[in-house]
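The values are calculated or read from the model by the stated rules, or taken from the named source; none is laboratory data. In this text the structure is predicted, and so the values were computed from the model without any measurement. Glycine also receives a Cβ, built like all others from the backbone with ideal geometry; neighbour counts cover every protein chain displayed.
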Amino acid sequence: MRISTLILAICLPLHAQDPAPAENPAPAVNPVPAEPTDAAYPALERFVKVMEMTKARHPDLDKLSYDQLINQALDGMLSSLDPHSSFIHPEMQEMMSEDGKLNNEIASLGLSLGKNSETLFLSAVEAGGPASVAILKPDMKLLKINKQDTAKLSLKTALEMLVGNAGQTTQLILQDPSKHAQTEVTLTHRFVEERSLILAKPLEKNPQIGYLRLAQFGANCAREIEAALDELEDKGMKYLILDLRENGGGDLHETVQILGLFVPPVTSVVSVRERNKAEEFLKTPKRQRRNRPYPMAVLIDRHSASASELTAGSLKDLKRATIIGELSYGKGSVQNIIPMGNSTALRLTIATYHTPSGETPHYKGITPDKVIPFTDADRENFLKAARVSSLSPTEKEAFDKWTDPAIAEAIKVLK
C-alpha cells in the first residue's frame, strides 16, 4: 500500500468523527464556521505529496525517514498554535515522571529544555527568569553549552550540563528558527526560592500597613498566608499590600484558597473554558475563619504570570483591591499532556482561564488600576529586598537609599 493511501485511510475516519456536543457548552466567542469534513482530503493529499517529493529528491538521506519527517511536521504544526503546545518526542517522554510531568526544567535559569528528532530547543521560558531577561524565547535552538556543541547530546546530558549554583554563569549559543543569525548569551544562575511567602511584616514607617511578598503559588502557601495575616492583624494591621511582582504562578487550587481569605465564601473567582464542555467555575471555600474587609493593594509587574494574574484580575473585577504596577505577562491557558503511543506524547493547550468579568489574561495580561513603570534599578533592588541580610555594606548603603515606587503608590492609595 502506498504511504499516501495508508495515511488517508488512517486519518480521515478519525477526522470525520465529530465530538458529541456538551450538554451545556460554553458560549463561543467570535465562533468560526465549521470546516467541511471533506476539506481534510486535499490537505492530507498535499502533505503526503510534499513528504514523498522530499524523500525522493532531498540529498540529506539521514534526515528523511518517515518518523523524522512526520515528527518534524508535528513540531511545526503545534508550535504554530501557541508557545505552550508541543509534540513530545521519545527522548522527552523518558523524562516524564509518573504523575505526567516533564522533568526538563532548569529553575535557576528559568528555562525548560526539549529535544525533537533533530535538535535541542527551549521548550519554555519562565517569566522573570534569567532566560526571559536575556530575551530568549521558546523554540529557539540550543546549539552550544559552554562552547560545547549540542548536536550529539542527549536531553538528559544537556540538562545535566545546564545545572549550576546561584551566582555561577552558563554560556549558551542559540538560534531563532525564523532567523539565520545566532545569539550568544551568558546567563547567571539565580537562587531558587523554595518558600512561597518570603516576606511578611508591617511596613517600618507605616506599621498599620501589612506587607506580604509571595514568590510563587506553591503547596500550602494559602496556609502560610493565613497564618501571616493572623499575626499581622493581631499586631494592629488595618491595610494590606500583597506583592506578586516576579511571581510566575503555580498551584491553581492554592490560588482559589488565597482568594477565599479576602472575598466572601462560595464566590466564583476563576472559570475554565474548554471546547465542547460547560464552563467550569472555581469558587472560594464554603467557610471563612476570619472576615478580612480591610483595604488592599496588589502589586504586579511584567513578570507576574498565570496564577498571579488570576489573583490580581479576580480581586480587581470584584473591586476588592487596587492593582498597582505594570501590565502583567499574559499567561492564562491550560495544558494537558496526552500520551500518543510509540513513546510520544502531546502537550496541548486545551482551555483558557477567566476572571469573574469573563476576561482572560491570556496574551493580554492584567492592566493595573495605577500604572507604575519600573526601571532596571527598581527591579534589581526589588530582588535584593528579599535578601537584605546577605548584602555587602556597600550594597546595603545603596539599597537603603532606594524607594520602591510601587509600595510608595500603594501607601498613597490605601491611606
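Taking segment 205-215 as the search range and keeping residues that are over 15 Å from Ala386 (Cα atoms) and surrounded by fewer than 22 Cβ atoms within 10 Å (Cβ to Cβ), which one is modelled with the lowest pLDDT?
Lys205
If Leu111 meets every condition in (1) surrounded by fewer than 20 Cβ atoms within 10 Å (Cβ to Cβ); (2) touching a residue at least 24 places away in the same chain (Cβ under 8 Å); (3) aliphatic (A, V, I, L, M); (4) within 23 Å of Leu327 (Cα to Cα) apart from one, which number is that one?
All conditions pass for Leu111, except number (1).
What number of residues within segment 117-130 are assigned to a strand (DSSP E or B) and either at pLDDT 85 or above or in contact with a Lys or Arg (Cβ under 9 Å, 6 or more places away or on another chain) (or both)?
Narrowing segment 117-130 to residues assigned to a strand (DSSP E or B): 120-125.
Checking which are either at pLDDT 85 or above or in contact with a Lys or Arg (Cβ under 9 Å, 6 or more places away or on another chain) (or both) leaves us with 120-123, 125.
Summing the residues that are assigned to a strand (DSSP E or B) and either at pLDDT 85 or above or in contact with a Lys or Arg (Cβ under 9 Å, 6 or more places away or on another chain) (or both) in segment 117-130 gives 5.
For segment 231-283, give me every one of the strands (runs of 3 or more DSSP E) that falls completely inside it and has 2 or more residues that are surrounded by fewer than 22 Cβ atoms within 10 Å (Cβ to Cβ).
Numbers: elements: 239-243, 268-274, 280-283.
In segment 231-283, 268-274, 280-283 are the strands (runs of 3 or more DSSP E) which contain 2 or more residues that are surrounded by fewer than 22 Cβ atoms within 10 Å (Cβ to Cβ).
So if I check each of Leu229, Leu203, Leu252, Leu214, which one is touching an Asp or Glu at 6+ places or on another chain (Cβ under 8 Å) and assigned by TED's automatic domain parsing to the domain that holds Gly332? Give the steps one after another, and end with the answer.
On the way: Leu229 fails: touching an Asp or Glu at 6+ places or on another chain (Cβ under 8 Å); Leu203 fails: touching an Asp or Glu at 6+ places or on another chain (Cβ under 8 Å); Leu252 fails: touching an Asp or Glu at 6+ places or on another chain (Cβ under 8 Å).
Answer to the selection: Leu214.
Residue by residue, here is whether (1) outside any helix (DSSP H, G or I); (2) within 23 Å of the chain's Cα centre (by Cα) holds:
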| position | (1), (2) |
| --- | --- |
| Ser132 | no, yes |
| Leu136 | yes, yes |
| Lys144 | yes, no |
| Leu153 | yes, no |
| Thr157 | no, no |
| Leu172 | yes, yes |
| Pro177 | yes, yes |
| Val185 | yes, yes |
| Ile198 | yes, yes |
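Sort through Asn291, Asn220 and tell me the only one that's of a type in the set (S, T, N, Q) and without any contact (Cβ under 8 Å) to a residue 24 or more places away in the chain. Steps first, please.
Numbers: Asn220 fails: without any contact (Cβ under 8 Å) to a residue 24 or more places away in the chain.
The match here is Asn291.
Could you check Leu81 against (1) in a loop (DSSP other than H, G, I, E, B); (2) of a type outside the set (Asp, Glu); (3) modelled with pLDDT of 85 or more; (4) under 25 Å from Leu187 (Cα atoms) and say which number it fails?
(4)
Scan segment 54-73 and report the pairs whose first residue is over 18 Å from Asn116 (Cβ atoms) and whose second residue is surrounded by 11 or more Cβ atoms within 10 Å (Cβ to Cβ) and among the small types (Gly, Ala, Ser), with Cβ atoms within less than 9 Å and a gap of 6+ or a chain change.
Hits for this filter: Lys55/Ser65.
Might you check whether a residue that is in contact with a Gly (Cβ under 8 Å, 6 or more places away or on another chain) and over 30 Å from Pro130 (Cβ atoms) occurs anywhere in segment 285-296? Don't jump to the end; show me each part of the working.
Filtering segment 285-296 down to residues in contact with a Gly (Cβ under 8 Å, 6 or more places away or on another chain) leaves 285, 288.
Now restrict to residues that are over 30 Å from Pro130 (Cβ atoms): 285, 288.
Yes, segment 285-296 contains at least one residue that is in contact with a Gly (Cβ under 8 Å, 6 or more places away or on another chain) and over 30 Å from Pro130 (Cβ atoms).
Before we move on, is Lys331 in contact (Cβ under 8 Å) with a residue 40 or more places away in the chain and basic (Lys, Arg)?
Values: in contact (Cβ under 8 Å) with a residue 40 or more places away in the chain: yes; basic (Lys, Arg): yes.
Answer is yes for this residue.
Counting residues that are among the acidic types (Asp, Glu) and more than 20 Å from the chain's Cα centre (by Cα), which helices (runs of 4 or more DSSP H) fully inside segment 299-413 reach at least 2? Talk me through it step by step, then tell me what you get.
Working: elements: 307-317, 376-384, 393-400.
Because the criterion is at least 2 residues that are among the acidic types (Asp, Glu) and more than 20 Å from the chain's Cα centre (by Cα), the helices (runs of 4 or more DSSP H) in segment 299-413 that meet it are 376-384, 393-400.
Which condition does Ala227 not pass, out of (1) buried (at least 19 other Cβ atoms within 10 Å of the Cβ); (2) free of Cβ contacts under 8 Å to residues at least 24 places away in the same chain, if it passes all the others?
Going through (1) buried (at least 19 other Cβ atoms within 10 Å of the Cβ); (2) free of Cβ contacts under 8 Å to residues at least 24 places away in the same chain one by one, Ala227 breaks only (1).
Take the conditions in contact with an Asp or Glu (Cβ under 7 Å, 6 or more places away or on another chain) and farther than 17 Å from Ile338 by Cα and apply them to Ser108. Does it pass? Before the answer, list the steps.
Numbers: in contact with an Asp or Glu (Cβ under 7 Å, 6 or more places away or on another chain): no; farther than 17 Å from Ile338 by Cα: yes.
Taking the combined requirement at face value, the residue does not satisfy it.
Matching residues to (1) in the same structural domain as Glu274 (by TED's automatic domain parsing); (2) crowded, with 17+ Cβ neighbours inside 10 Å; (3) among the hydrophobic types (A, V, I, L, M, F, W, C); (4) at pLDDT below 90:
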residue: Asp301; (1), (2), (3), (4): yes, yes, no, no
residue: Ser304; (1), (2), (3), (4): yes, yes, no, no
residue: Glu326; (1), (2), (3), (4): yes, yes, no, no
residue: Lys331; (1), (2), (3), (4): yes, yes, no, no
residue: Ser343; (1), (2), (3), (4): yes, no, no, yes
residue: Leu348; (1), (2), (3), (4): yes, yes, yes, no
residue: Thr360; (1), (2), (3), (4): yes, yes, no, no
residue: Leu383; (1), (2), (3), (4): yes, no, yes, yes
residue: Thr403; (1), (2), (3), (4): yes, no, no, no
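Filter segment 183-197 down to residues that are over 30 Å from Lys147 (Cα atoms) and crowded, with 17+ Cβ neighbours inside 10 Å and give me whichever is modelled with the highest pLDDT. Before you say what the answer is, go through the steps one by one.
Narrowing segment 183-197 to residues over 30 Å from Lys147 (Cα atoms): 194-197.
Restricting the remaining residues to those that are crowded, with 17+ Cβ neighbours inside 10 Å gives 196-197.
On the way: Ser196: 90, Leu197: 93.
Here the residue is Leu197.
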